[in-house]
Amino acid sequence: MKENMKEKQRKGMIRDIIILGIAIVIAIVLISLFPDKREVITASSWEFFIEMIWILPAVMVLMGLFAVWVSKETVVKYLGETSGIKGIFLAIFFGALPTGPLYVAFPVAAVLIKKGAKISNIIIFLSAWACIKIPQEMVELKFLGLEFMVLRLILTIIFVVIMGLSIEKIIEWTDKTKVEGAKDNASI
Amino acid sequence: MNITVIFINIFAGGCLIFSFIKDRKKTKQSLLGAAKSFIRILPIVFIIIIFVGLLLGFGSQTQISKIAGEHAGFWGVFLIALVGAIMHIPSLIAFPLAASLLKNGASITTIAAFITTLTMIGTITLPLEIKELGKKVALLRNGISFIIAIIIALIMGVIL
């Protein structure tokens, strides 16, 4: 599993470098065809580069730290046992910690399902992991402003909780109406 | 320099020092992880940097606002949300991209839809999600996420 992930990462890296190469070639061709645009293009690219370089290393350090300090076991331990409002808060809290990309969260969620955690908490945890990350919110604050960031955050939390609860209801309902079908699904 | 930038760097530095005092080995391990993810993300950063440069160089404000601006209408928002759902770029890079689009004529609604679907929905990671969580949960989560992303975007467009 881990080897598989590494292999995928390596392939993704090669693909990105190839796309980067193509992008550079296109940029060079376009700039030599339209030399009058050169200044605008290099100026906006440079400005963008400076903005990124001040933020990215700090965010990466934060993610690295939390990935090491907040273990998957801790998350499973707390989320597996709590339900109700407290469960929802914990799901959002653990999801929001800066701990790596979404695919890291799927195995954690799978363990949670096996441990009998509530579906709503798992969905909320996954969605929080995907879009309510703490460093992500800080970057959003910097680039899109306080109003945009806060409003989107509040709306996202509200709707993610609603989504988690409704998916739980849907799963419960379909499991009840066709128990056999659910068994087939679970065995896959 | 921007206050948020200073804050993030101080916050990261503080956490780093705290972690170093508590456990040197774990800190080393996490820094290694950070360096790896930084290198992993670099090519995409440069792709987006070039893309933004070209976009602002060649795409005029009226073109951008025609596709993603106030007059794009519901289907414009829908289309941008779809692009966000399919695309696979780290959200950290998506925010500055979104900011430059916003500055150049895109509307709040389309930008909010783009960012929300981009972060919440993973078409590339969908097979893995199905494998780990089952078809029903994975498809429901991604499908409903798309709908709520559009709702969130429309509400934001009305309020802001």
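The values are calculated or read from the model by the stated rules, or taken from the named source; none is laboratory data. Note that the structure is predicted; figures quoted are calculated from it, not measured. Note that each Cβ is placed from the backbone with ideal geometry, even for glycine, and that neighbours are counted across all protein chains shown.
Just one residue in the set A:Glu7, A:Glu39, A:Glu51, A:Glu47 is charged (D, E, K, R) and either at positive phi or in contact with a Pro (Cβ under 9 Å, 6 or more places away or on another chain) (or both); that residue is A:Glu51.
Within the set A:Lys37, A:Lys6, the sole residue that is in a helix (DSSP H, G or I), more than 7 Å from chain B (Cβ to nearest Cβ) and more than 30 Å from B:Phe7 (Cβ to Cβ) turns out to be A:Lys6.
Scan region B:52-75 residue by residue and report those that are out of contact with any Ser or Thr (no Cβ under 9 Å at 6 or more places or on another chain) and either facing chain A (nearest Cβ under 8 Å) or surrounded by fewer than 18 Cβ atoms within 10 Å (Cβ to Cβ) (or both). Break it down into steps so the answer makes sense when it comes.
Initial filter on region B:52-75 (out of contact with any Ser or Thr (no Cβ under 9 Å at 6 or more places or on another chain)): B:58-64, B:66, B:73-75.
Matches in region B:52-75: B:Phe58, B:Gly59, B:Ser60, B:Gln61, B:Thr62, B:Gln63, B:Lys66, B:Gly73, B:Phe74, B:Trp75.
Put simply, of B:Ala99, B:Ala12, B:Ala34 the only residue that is surrounded by 21 or more Cβ atoms within 10 Å (Cβ to Cβ) and touching a Phe, Trp or Tyr at 6+ places or on another chain (Cβ under 9 Å) is B:Ala99.
In this structure, A:Ala27 does satisfy being closer than 30 Å to B:Asn2 by Cα, over 26 Å from the mean Cα position of the chain (by Cα) and within 11 Å of another protein chain (Cβ to nearest Cβ). Looking across A:Ala96, A:Ala117, one residue alone is over 26 Å from B:Leu92 (Cβ atoms) and modelled with pLDDT of 85 or more. It is A:Ala117.
If you scan region B:139-160, which residues turn out to be hydrophobic (A, V, I, L, M, F, W, C), surrounded by fewer than 24 Cβ atoms within 10 Å (Cβ to Cβ) and under 25 Å from A:Glu137 (Cβ atoms)? So that I can check it myself, show each step before the final result.
Our first condition is that a residue be hydrophobic (A, V, I, L, M, F, W, C); within region B:139-160, this holds for B:139-140, B:144, B:146-156, B:158-160.
In the following step, the residues that additionally are surrounded by fewer than 24 Cβ atoms within 10 Å (Cβ to Cβ) were identified as B:139-140, B:144, B:146-148, B:150-151, B:154-156, B:158-160.
Passing the criteria: B:Ile144, B:Phe146, B:Ile147, B:Ile148, B:Ile150, B:Ile151, B:Leu154, B:Ile155, B:Met156, B:Val158, B:Ile159, B:Leu160.
Residue pairs whose Cβ atoms lie under 9 Å apart, separated by 6 or more positions or on different chains, with the first residue in region B:6-17 and at the interface with another protein chain (Cβ under 7 Å from one of its Cβ atoms) and over 18 Å from A:Ile53 (Cα atoms) and the second part of a helix (DSSP H, G or I) and among the polar types (S, T, N, Q), are B:Leu16/B:Thr27; B:Leu16/B:Ser30. Contact map, region B:85-97: first residue in contact (Cβ under 8 Å) with a residue 40 or more places away in the chain, second residue among the hydroxyl-bearing types (Ser, Thr, Tyr) and surrounded by 20 or more Cβ atoms within 10 Å (Cβ to Cβ), Cβ cut-off under 9 Å, separation 6 or more or different chains; pairs are B:Ala85/B:Thr117; B:Ala85/B:Ser145.
Looking at (1) more than 7 Å from chain A (Cβ to nearest Cβ); (2) within 16 Å of the chain's Cα centre (by Cα); (3) aliphatic (A, V, I, L, M); (4) assigned to a helix (DSSP H, G or I), which is the one condition that is false for B:Ile130? That leaves (2) as the condition not met. For region A:32-50, the set of residues classified as surrounded by 13 or more Cβ atoms within 10 Å (Cβ to Cβ), within 12 Å of B:Leu54 (Cα to Cα) and not hydrophobic (A, V, I, L, M, F, W, C) consists of A:Lys37, A:Arg38, A:Thr42, A:Ser44, A:Ser45, listed by residue number.
State yes or no: is A:Phe93 more than 8 Å from every other protein chain (Cβ to nearest Cβ), surrounded by fewer than 22 Cβ atoms within 10 Å (Cβ to Cβ) and among the aromatic types (Phe, Trp, Tyr)?
Details: more than 8 Å from every other protein chain (Cβ to nearest Cβ): yes; surrounded by fewer than 22 Cβ atoms within 10 Å (Cβ to Cβ): yes; among the aromatic types (Phe, Trp, Tyr): yes.
For A:Phe93, the condition - more than 8 Å from every other protein chain (Cβ to nearest Cβ), surrounded by fewer than 22 Cβ atoms within 10 Å (Cβ to Cβ) and among the aromatic types (Phe, Trp, Tyr) - is met.
For region A:96-146, which positions are in contact with an Asp or Glu (Cβ under 7 Å, 6 or more places away or on another chain) and either facing chain B (nearest Cβ under 7 Å) or assigned to a helix (DSSP H, G or I) (or both)?
In the first step, residues of region A:96-146 are kept if they are in contact with an Asp or Glu (Cβ under 7 Å, 6 or more places away or on another chain); the result is A:106-107, A:109-110, A:118-120.
Answer for region A:96-146, where residues must be in contact with an Asp or Glu (Cβ under 7 Å, 6 or more places away or on another chain) and either facing chain B (nearest Cβ under 7 Å) or assigned to a helix (DSSP H, G or I) (or both): A:Phe106, A:Pro107, A:Ala109, A:Ala110, A:Ile119, A:Ser120.
Being under 19 Å from B:Ala81 (Cβ atoms) and of a type in the set (Val, Ile, Thr) is the filter here; which residues of region B:98-140 pass it? Residues satisfying the conditions are B:Ile108, B:Thr109, B:Thr110, B:Ile111, B:Ile115, B:Thr116, B:Thr117, B:Thr119, B:Ile121, B:Thr123, B:Ile124, B:Thr125.
Take the conditions (1) under 30 Å from B:Leu160 (Cα atoms); (2) over 20 Å from the mean Cα position of the chain (by Cα); A:Met163 misses just one of them, which is (2). Annotation for region A:52-59: at least one member residue is free of Cβ contacts under 8 Å to residues at least 60 places away in the same chain, more than 30 Å from B:Lys25 (Cβ to Cβ) and in a helix (DSSP H, G or I).
Of all the residues that make up region B:1-58, how many are of a type in the set (Phe, Trp, Tyr) and within 20 Å of the chain's Cα centre (by Cα)? I'd like the intermediate steps shown before the answer.
Of all residues in region B:1-58, those of a type in the set (Phe, Trp, Tyr) come to B:7, B:11, B:18, B:20, B:38, B:46, B:51, B:58.
The next check asks that each one be within 20 Å of the chain's Cα centre (by Cα); those that pass are B:38, B:46, B:51.
Here the count works out to 3.
Considering region B:18-40, and only residues there that are facing chain A (nearest Cβ under 7 Å) and hydrophobic (A, V, I, L, M, F, W, C), the residue that is farthest from A:Glu140 (Cα to Cα) turns out to be B:Leu31.
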